[in-house]
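**Student:** What follows is a structure written as structure tokens; I'll ask about it next.
The values are calculated or read from the model by the stated rules, or taken from the named source; none is laboratory data. Values in this document were obtained by computation on a predicted structure and should not be read as measured data. We place every Cβ from the backbone using ideal geometry, glycine too, and count neighbours over all the protein chains shown. Heavy atoms of the whole protein, side chains included, go into the accessibility calculation; ligands, DNA and RNA do not. Shrake-Rupley method; radii C 1.70, N 1.55, O 1.52, S 1.80 Å.
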Amino acid sequence: MWRTLLVFCGIVAACAPAAGYDIVVYGASPAGIAAAIEVRRAGMTVVLLEPTGKIGGMTTGGLGQTDIGDPRALGGLAREFYRRIKRWYDDPAHWTRQVRDSYVPAKSRCMAPGCDFMLVFEPSAAQNVLEAWLREEDVPVLLGARLDRSSGGVSIGDKRIAGIRTEDGRVFKAKVYIDSTYEGDLMAASGVDYVVGREGNSVYGETINGVQCGKAIHHQFDIGVDPYVVRGDPASGLLPYLEPDDGLEDGAADGRVQAYCYRMCLTDAPENRIPFGKPADYDERNYELLLRNFEKGRADIPWINSPMPNRKTDTNNRGAFSTDFIGQNRSYPEASYAERDRIAAAHLAYQQGLMWTLANHPRVPETVRKEVSRWGTCRDEFVGERGNGWQNQLYIREARRMVGEYVMTEHNCRGDVVAPEAVALGAYGMDSHNVRRVVKDGCARNEGDIQDWRRKGPYPIALGSILPKRSQCNNLVVPVCLSASHIAYGSIRMEPVFFALGHAAGAVASMAAEKEGNVHAVSYGDLRNRLQREGQKLSINNWKDRP
């Protein structure tokens, strides 16, 4: 288990925290950090419990190419974070491996004169900015404070959480609790309704939820990639990570979530680069589908290698066989901690083997090998984590999703139905990665990928989507595993939106703490006025700042 630390006012020390707070925030993701800061600014007591050894979630875990869709949707604490990132890079001392003027991001990320924020950054920069911000706001942070998921770990009474216990036996009590983890363990233990996997289209009258074979045209194999161990011989069995098609029709429900990966931070700076090593347990069969896809004539590199400052990257999945470990995370959302660790380790081994294959295997086109081998992980990123420049934070794109007072759907993301009582804006297309790899008509096919950008601009996210049903729990707010269909979550799940939803969650929680802790008793009018005073964007009508 992680060491338990207290980070408070710049001091790091072993701690024995007080039992009672106005608000307990579980999970130091961007949402949790924003929520805790909002509570402190309201003058209330808060503790931020992080189950791992590091704050920041994916924002410090490799996702430096910020996905926002429309920067005008940024406001409040979300915008404040990205302003702080800009101020970090305004300091010439933080440009250690290149001159600032030589850096060109892959997309427009507000680097132009006059823009007051910046949407690209190194993981270590985000870490420094967030740690400094938490110290500035006097937010106490406990690392390694993992929820005890055994019986009694979360005490429930009269539709309220009475207290939560960490694995080392400490109990934390509060008027209101915020679950800002990617997994939603506190939310699940509180007894509220939630779902794992894809709903059928019929549940909410959607068109791109559920199984997606016919529409999964992106990140797809070329036609004719043989799936069998011995080519053309079904009796020889399937290659690794393939499964038979279960026959479900498009739009049908299942229990699967979109694929995970590690968002690598790579560099081509020789003095900082760690070459991709060959794993001790490397097995070429695990990458046979990749090699066969190349042999069909593919010669493109299966990654999105977005440049970050100081000759680094945010490297993400692209193509049929890439960093996404498709289908190998199915049990993760509900798994034990030990099983999650095993799944994460399997993802790491897969991705390390993939990178060695791309850089070295003779069946990979020479142009690909030459380019990939220029890169490696960074000596100065993720120091003290998995080693050799690899991070602990797995990109958990989707896990549990609450079924709360209001369920966000495809119709909200498109702008066809306006969600009531807005607390933040979403602005990205519906982007859900593949969930499984199957045999279809004797060929390897990926299933589940949807990239739908048919929307009418930024859309409101409902207050009811971060609140449990009134009949189930009245002192819990859930800004990350919020109430949304699988495909709507594919749009909402972006880190800037989590900052914004955390801001809203902190406001709701602190206002509820003044009303006996009942989150459903908070006046939306008062909440809206407060969020707007604090710069949160709730509709296009209050866009006052230039993008």
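**Student:** Leaving out ligands and nucleic acids, and using a 1.4 Å probe, what accessible area per residue does the stretch 269-311 come to in Å²?
**Tutor:** 48 Å²
**Student:** Quick check: from the Cα gyration tensor, does the stretch 443-547 come out rounded (a/c under 1.5), prolate or oblate?
**Tutor:** Since a/c reaches 1.5 but b/c is at least a/b, the shape of the stretch 443-547 is classed as oblate.
**Student:** For the stretch 367-406, what does the accessible surface come to per residue with a 1.4 Å probe? Please give it in Å².
**Tutor:** 39 Å²
**Student:** Compute the distance from the alpha-carbon center of the stretch 71-109 to that of the stretch 168-190, in whole Å.
**Tutor:** A separation of 33 Å, based on Cα centres.
**Student:** Residues with amide H under 5 Å of MET264's amide H, sequence separation 5 or more or different chain, H placed in the peptide plane at 1.01 Å from N; which?
**Tutor:** THR315
**Student:** Can you list the HN-Hα couplings for the stretch 395-412, worked out from phi with the Karplus curve (6.51, -1.76, 1.60; θ = phi - 60°), rounded to whole Hz and with x for Gly and Pro?
**Tutor:** 7, 8, 5, 6, 9, 6, 9, 5, 10, x, 5, 9, 10, 6, 9, 3, 5, 5
**Student:** Shape of the stretch 113-212 from its Cα gyration tensor (a ≥ b ≥ c, root eigenvalues): rounded if a/c is under 1.5, otherwise prolate when a/b > b/c, or oblate? Don't skip to the end; give the middle numbers.
**Tutor:** Values: a/c = 2.42, a/b = 1.07, b/c = 2.25.
The shape class here is oblate.
**Student:** Expressed as a whole percentage, what fraction of the accessible surface of the chain belongs to carbon and sulfur atoms when a 1.4 Å probe is rolled over the protein heavy atoms?
**Tutor:** On the way: 9760 of 19730 Å².
Carbon and sulfur together cover 49 percent of it.
**Student:** Sequence gap at least 6, Cα distance under 8 Å: using those rules, report the relative contact order of the chain to the nearest whole percent.
**Tutor:** 23 percent
**Student:** When only Cα pairs under 8 Å and 6 or more residues apart are kept, what is the percent relative contact order across the stretch 430-523?
**Tutor:** So the answer I get is 25 percent.
**Student:** Further question on the same structure: Whose amide H sits under 5 Å from the amide H of ILE161, counting only residues 5 or more places off or on another chain, with H placed in the peptide plane?
**Tutor:** ASN474, ASN475
**Student:** Rounded to the nearest 500 deg cm²/dmol, what is the calculated helix-only ellipticity per residue at 222 nm for the chain, with -39500 (n - 2.57) per DSSP H run of length n ≥ 4?
**Tutor:** Working: 12 runs with 130 residues, N = 547.
That calculation yields -7000 deg cm²/dmol at 222 nm.
**Student:** So who's got an amide H within less than 5 Å of the one on GLU243, skipping anything under 5 residues away but keeping other chains? H placed 1.01 Å off N, in plane.
**Tutor:** Amide H to amide H, under 5 Å and 5 or more residues apart or across chains, GLU243 pairs with ARG437, VAL438, VAL439.
**Student:** Same structure, new question: What lysines could a cross-link reach from LYS296, if we take a straight Cα to Cα line under 21 Å and drop same-chain neighbours fewer than 8 places away?
**Tutor:** In chain and number order, the partners are LYS370, LYS440.
**Student:** Tell me the label only: which of (1) 95, 58, 54; (2) 79, 59, 52; (3) 67, 55, 49 is Cα extents along the principal axes in Å as calculated from this structure?
**Tutor:** (3)
**Student:** By DSSP, what percent of the beta bridges with both residues in the chain are antiparallel, rounded to the nearest 5?
**Tutor:** Of the beta bridges lying entirely in the chain, close to 70 percent run antiparallel.
**Student:** Right, something else. Return the sequence-ordered ³J(HN,Hα) values of the stretch 151-165 in whole Hz as given by the Karplus equation 6.51 cos²θ - 1.76 cosθ + 1.60 applied to θ = phi - 60°, using x for Gly and Pro.
**Tutor:** Each residue of the stretch 151-165 in turn: 4, x, x, 10, 8, 10, x, 6, 6, 9, 7, 8, x, 10, 10 Hz.
**Student:** A 20 angstrom limit on the alpha carbon distance is what I want to check against. Which of LYS515/LYS537; LYS54/LYS469; LYS173/LYS469; LYS469/LYS515 exceed it?
**Tutor:** LYS515/LYS537; LYS54/LYS469; LYS173/LYS469
**Student:** How much accessible area per residue does the stretch 161-263 have, in Å², with a 1.4 Å probe? Don't jump to the answer; show the numbers that get you there.
**Tutor:** On the way: 3860 Å² over 103 residues.
With all protein chains present, the stretch 161-263 gives 38 Å² per residue.
**Student:** Once a ≥ b ≥ c are taken as the square roots of the eigenvalues of the Cα gyration tensor of the stretch 222-292, is the result rounded (a/c under 1.5), prolate (a/b larger than b/c) or oblate (a/b not larger than b/c)? Please list the in-between numbers first.
**Tutor:** On the way: a/c = 2.86, a/b = 1.56, b/c = 1.83.
Note, shape of the stretch 222-292 comes out oblate.
**Student:** Using the Karplus equation 6.51 cos²θ - 1.76 cosθ + 1.60 (θ = phi - 60°), what ³J(HN,Hα) coupling, rounded to whole Hz, does each residue of the stretch 278-289 give in order, writing x for Gly and Pro?
**Tutor:** 7, x, 4, 9, 4, 10, 4, 4, 5, 10, 4, 5
**Student:** Describe numerically, in nm with one decimal, the distance between label points set 7 Å from Cα along Cα→Cβ at GLU366 and at ILE156.
**Tutor:** Computed distance between label sites GLU366 and ILE156 equals 6.4 nm.
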